[in-house]
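Undergrad: The following block contains the structure, expressed as structure tokens.
The values are calculated or read from the model by the stated rules, or taken from the named source; none is laboratory data. The structure presented is a predicted model; accordingly, all values stated were derived computationally and were not measured. Note that we place each Cβ from the backbone using ideal geometry, even for glycine, and neighbour counts take in every protein chain shown. SASA here: full protein model, heavy atoms, side chains in, ligands and nucleic acids out. Shrake-Rupley method; radii C 1.70, N 1.55, O 1.52, S 1.80 Å.
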Amino acid sequence: MSNSETQLLISGMHCAACVRRVEKALNKVEGVNFASVNLTDQTAFVEGNADPQVMIQAVEKIGFGAEMLESEEERRTKQQAQTKAILNHKKWQFTLALIVGFSLMVVGMFIGMMVTERNHLTWFALAFVSLTTMYFSGKDFFIGAWKSLQNRAANMDTLVAVSTGVAWFYSFGLLLFPQVHAHVYFEASVMILGFINLGKFLELKAKQRSSLALEKLLDLAPKQAVIFEENVAKTIPVKGIKPDMLVQALTGDRLAVDGVLTEGVIWVDESMLTGEALPVEKKVGDKVHAGTLIQDGSGIYRAEQVGSQTALARVINAVRHAQSSKPPLAHLVDKIASVFVPVVVTIALVAALIWLALGKDFAFTLSIFTTVLIIACPCALGLAIPLSTIAGVARAAEMGVLVKNIDALQASSEIDTLVFDKTGT
């Protein structure tokens, strides 16, 4: 069986460690030659002849979601729906957590952050308010951390869950066994989740903006076209066009598929493929391409390449492949990510133990431990390279420059001279 390329939409990834786990799981599937996972657009490109259902099961087994994508249009629809749902979810989560966290902080200013006989029952009630909020605003992190633990791995969810969980249980312990001059941290546990969810929300917004240029390429293809069957004109969705169908070409239309002109004469703007702005005359027998704009004339063309076989679809696929590929620098990040979380937890523990050995109380050492974990949580390390790759490839596509090989994109940073032909195309 010959090698093929499969595209999967992955859900539940939060950091570079998640990417490494998914890639590792996919590469273990029999028949997979190579798998590349992109954190920014939550997709995986897999080369080989493995059964897609087996790949999906392998991803689900390690705690993530996966579904197969048949076309760019399907990817676009599902990805937009997924992003919209996550954005709404994160917006609700960070809003709730920040409102409750700020309220707990204000209440604490009035009744005191230390547990006393007078405010003991109030803090008991507030403890369960904070726990309920943590469940609704932070359950994604706790579930992710638990799944990682089951797979003997650690990721950013682990840092969030450990830091906020330790702070809450320590505070609840003070309610059961009050200590002199010891502060509770219920508001901190909630507000940490609020700010991290706010960060995730802003990350998703940045991802959306980075993908706009590629979406503009997709918009070049019309959604419907007029075909002729037994000399009767019918309007059908473009995805319903089959090879050898006769398709109408009118001034102002974009060609729906690749084919050969069989009737008429048209002038076509092919700048989206060639970079040449002057319209090209197309006569009977000439090739025409999907997405190009008919500036003048009319005719009929016979469909040849349709769906994913058109030149436009191949251009989009090449851009998508470049966006989801990893430059050499990303492989270094993957290696760092594999040990990032254990190292951060170790540093947090060592820092806390040092302060404890220097005579500081448990509350202070807890704040040191939590602070180290929280600072490491918004893992820019895992997002920076894939986001910059998507932004770079998309911006290039927007300006008519197509990047097929991601290694070339990284190497292009050292270019100091470009030589063009006389037309600059």
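Undergrad: Mind telling me which of the residues T6, T77 ends up being assigned to a strand (DSSP E or B), modelled with pLDDT under 85 and of a type in the set (V, I, T)?
TA: Sole residue among the options that is assigned to a strand (DSSP E or B), modelled with pLDDT under 85 and of a type in the set (V, I, T): T6.
Undergrad: Right, next: How many of the residues in the stretch 13-50 are of a type in the set (V, I, T) and either part of a loop (DSSP other than H, G, I, E, B) or modelled with pLDDT under 85 (or both)?
TA: Of the residues in that region, 5 qualify.
Undergrad: Same structure again: From (1) surrounded by fewer than 21 Cβ atoms within 10 Å (Cβ to Cβ); (2) in a helix (DSSP H, G or I); (3) modelled with pLDDT under 70; (4) not aromatic (F, W, Y), pick out the condition that doesn't hold for G400.
TA: Against the list (1) surrounded by fewer than 21 Cβ atoms within 10 Å (Cβ to Cβ); (2) in a helix (DSSP H, G or I); (3) modelled with pLDDT under 70; (4) not aromatic (F, W, Y), G400 comes up short only on (2).
Undergrad: Residue pairs, Cβ under 7 Å, 6 or more apart or interchain, first in the stretch 353-374 and among the polar types (S, T, N, Q), second assigned to a helix (DSSP H, G or I). List them.
TA: T365/A352; T365/W355; T365/L356; T370/S163; T370/V166; T370/A167
Undergrad: Is it the case that K84 is among the charged types (D, E, K, R) and either open to solvent by less than 50 Å² (accessible area, probe 1.4 Å) or closer than 19 Å to F195 by Cβ (or both)?
TA: For K84, the condition - among the charged types (D, E, K, R) and either open to solvent by less than 50 Å² (accessible area, probe 1.4 Å) or closer than 19 Å to F195 by Cβ (or both) - is not met.
Undergrad: Of a type outside the set (F, W, Y) and touching a residue at least 60 places away in the same chain (Cβ under 8 Å): is that true of L149 in this structure?
TA: Working: of a type outside the set (F, W, Y): yes; touching a residue at least 60 places away in the same chain (Cβ under 8 Å): no.
No: the conditions fail for L149.
Undergrad: Do we find a residue being crowded, with 22+ Cβ neighbours inside 10 Å and assigned to a helix (DSSP H, G or I) anywhere in the stretch 110-117?
TA: no
Undergrad: Shifting gears a bit: Would you confirm whether or not the stretch 255-267 contains a residue that is part of a strand (DSSP E or B), touching a Leu at 6+ places or on another chain (Cβ under 7 Å) and among the acidic types (D, E)?
TA: no
Conditions tested, residue by residue: (1) crowded, with 17+ Cβ neighbours inside 10 Å; (2) over 30 Å from L149 (Cβ atoms); (3) at pLDDT 80 or above; (4) in contact with a Leu (Cβ under 9 Å, 6 or more places away or on another chain).
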site	(1), (2), (3), (4)
L293	yes, yes, yes, yes
G307	yes, yes, no, no
A330	yes, no, no, no
V344	yes, no, yes, yes
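Undergrad: Could you check V46 against (1) of a type in the set (V, I, T); (2) within 20 Å of E203 (Cα to Cα); (3) touching a Ser or Thr at 6+ places or on another chain (Cβ under 8 Å) and say which number it fails?
TA: So the condition that V46 fails would be (2).
Undergrad: Look at the stretch 1-60 and say how many of its residues are more than 25 Å from D157 (Cβ to Cβ) and of a type in the set (D, E, K, R).
TA: Counting residues in the stretch 1-60 that are more than 25 Å from D157 (Cβ to Cβ) and of a type in the set (D, E, K, R) gives 4.
Undergrad: Restricted to the stretch 51-72, and to residues that are at pLDDT 85 or above and part of a loop (DSSP other than H, G, I, E, B), which residue is farthest from C18 (Cα to Cα)?
TA: Checked the stretch 51-72; the qualifying residue farthest from C18 (Cα to Cα) is D51.
Undergrad: Would you check which residues across the stretch 257-274 are over 14 Å from G285 (Cβ atoms) and open to solvent by 10 Å² or more (accessible area, probe 1.4 Å) and list them? Let's see the steps before the verdict.
TA: From the stretch 257-274, those over 14 Å from G285 (Cβ atoms) are 257-258, 267-274; that's our starting set.
Those that are over 14 Å from G285 (Cβ atoms) and open to solvent by 10 Å² or more (accessible area, probe 1.4 Å): W267, D269, E270, S271, M272, L273, T274.
Undergrad: Now, a different point. Within the stretch 165-183, track down each residue that is open to solvent by less than 60 Å² (accessible area, probe 1.4 Å) and either at pLDDT 85 or above or part of a helix (DSSP H, G or I) (or both). If you could, list the steps in order and put the result at the bottom.
TA: First pass over the stretch 165-183, keeping only residues open to solvent by less than 60 Å² (accessible area, probe 1.4 Å): 165-168, 170-175, 182.
Within the stretch 165-183, G165, V166, A167, W168, Y170, S171, F172, G173, L174, L175 qualify.
Undergrad: Does the stretch 151-161 contain at least one residue that is hydroxyl-bearing (S, T, Y), in a helix (DSSP H, G or I), touching a Lys or Arg at 6+ places or on another chain (Cβ under 8 Å) and under 30 Å from M13 (Cβ atoms)? Reasoning before the result, please.
TA: Of the residues in the stretch 151-161, the ones hydroxyl-bearing (S, T, Y) are 158.
With in a helix (DSSP H, G or I) added as a condition, the list becomes 158.
With touching a Lys or Arg at 6+ places or on another chain (Cβ under 8 Å) added as a condition, the list becomes none.
Checked against the condition, which is being hydroxyl-bearing (S, T, Y), in a helix (DSSP H, G or I), touching a Lys or Arg at 6+ places or on another chain (Cβ under 8 Å) and under 30 Å from M13 (Cβ atoms), the stretch 151-161 yields no hits at all.
Undergrad: While we're looking at this one, here's another question. Please specify each residue of the stretch 278-291 satisfying the condition of being open to solvent by less than 70 Å² (accessible area, probe 1.4 Å) and part of a loop (DSSP other than H, G, I, E, B).
TA: P279, G285, D286, H289, A290, G291
Undergrad: Evaluate the following for L131: is it closer than 25 Å to Q179 by Cβ, part of a helix (DSSP H, G or I) and either among the polar types (S, T, N, Q) or open to solvent by 50 Å² or more (accessible area, probe 1.4 Å) (or both)?
TA: Spelling it out, L131 is indeed closer than 25 Å to Q179 by Cβ, part of a helix (DSSP H, G or I) and either among the polar types (S, T, N, Q) or open to solvent by 50 Å² or more (accessible area, probe 1.4 Å) (or both).
Undergrad: Give the stretch 140-164 a look and list any residue that's open to solvent by less than 10 Å² (accessible area, probe 1.4 Å) and of a type in the set (G, A, S), or say none.
TA: Residues satisfying the conditions are S148, S163.
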